[in-house]
1. Exactly one of these conditions fails for ALA161: (1) free of Cβ contacts under 8 Å to residues at least 12 places away in the same chain; (2) surrounded by fewer than 18 Cβ atoms within 10 Å (Cβ to Cβ). Give me its number.
2. Taking into account only those residues within segment 173-200 that are in a loop (DSSP other than H, G, I, E, B) and over 18 Å from LEU63 (Cα atoms), which is least open to solvent (accessible area, probe 1.4 Å)?
3. Do we have GLU28 as touching a strand residue (DSSP E or B) at 6+ places or on another chain (Cβ under 9 Å) and either open to solvent by 40 Å² or more (accessible area, probe 1.4 Å) or free of Cβ contacts under 8 Å to residues at least 60 places away in the same chain (or both) here?
4. Return only the number of the condition from (1) open to solvent by less than 50 Å² (accessible area, probe 1.4 Å); (2) among the charged types (D, E, K, R); (3) in contact with a helix residue (DSSP H, G or I) (Cβ under 9 Å, 6 or more places away or on another chain) that GLU56 does not satisfy.
5. Does at least one position in segment 35-47 carry a residue that is among the hydrophobic types (A, V, I, L, M, F, W, C), buried (at least 22 other Cβ atoms within 10 Å of the Cβ) and farther than 21 Å from LEU129 by Cβ?
6. For segment 99-107, check the following and say yes or no: at least one residue is surrounded by fewer than 15 Cβ atoms within 10 Å (Cβ to Cβ) and among the small types (Gly, Ala, Ser).
7. Kindly evaluate GLU73 against the criterion of being under 18 Å from the mean Cα position of the chain (by Cα), among the acidic types (Asp, Glu) and assigned to a loop (DSSP other than H, G, I, E, B).
Amino acid sequence: MIRVLLAEDQAMVRGALSALLNLESDIEVLGSAADGEAAWRELQRVKPDVLVTDIEMPGLTGLELAQRIQRHELPIKVIIVTTFARPGFLRRALDAGVSGYLLKDAPAENLAEALRMVHRGGRSIDPQLALEAWSEADPLNDRERQVLRLAGEGLSANDIAGQLSLSHGTVRNYLSEAIGKLGAANRIEAYRLARQKGWL
């Protein structure tokens, strides 16, 4: 049996995925979580073979969950199922050790096949997205990405400095680096650009 945990913040999608996978004789859904932190607690408790997660979730994102699993060297494979057909997200997912990356508009049977493939040690990546992912590199480093994301959420440089335990000047430097790398006029434009590319 392939033991699966689902992490998805939309209740209807979570229920549909669970029902769909429970139709498969070789797949068992152990449980589900509506946000990243709950998923992290749950996967330590039930120890699934595979985590199926969305990217955008409250608390921890699916990418941050994958990074945490990788950092703690947990023997759990990760498949991301998302609406975000952005090459930048795929690149970051692969860097975080994700084994599968599927789009939500793919045929339903693709998920069960992806689970089997990943469980056997393979990878299952949307082919069109895989091609695009290598066409344009993400210019931002992790700190620039973090600071730009918070700025885009409306936090001031002082608020960001407090939240990340950095000095005000350091935050301003990260922001200006990110703006420069993206060729943007200001932090809002830089945030919008980086989101479009999937770099945030």
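1. It is condition (2) that ALA161 fails.
2. Applying the filter and picking the extreme gives ALA184.
3. Yes, satisfied.
4. Of everything listed in (1) open to solvent by less than 50 Å² (accessible area, probe 1.4 Å); (2) among the charged types (D, E, K, R); (3) in contact with a helix residue (DSSP H, G or I) (Cβ under 9 Å, 6 or more places away or on another chain), GLU56 misses just condition (1).
5. Checking segment 35-47: at least one residue is among the hydrophobic types (A, V, I, L, M, F, W, C), buried (at least 22 other Cβ atoms within 10 Å of the Cβ) and farther than 21 Å from LEU129 by Cβ.
6. Yes, segment 99-107 has at least one match.
7. Yes, satisfied.
The values are calculated or read from the model by the stated rules, or taken from the named source; none is laboratory data. All values reported here derive from a predicted model rather than from experimental measurement. Because the Cβ atoms are built from the backbone with ideal geometry, glycine has one as well, and the counts that use them run over all protein chains shown. Side chains included, ligands, DNA and RNA excluded: accessible areas come from the protein's heavy atoms. Shrake-Rupley method; radii C 1.70, N 1.55, O 1.52, S 1.80 Å.
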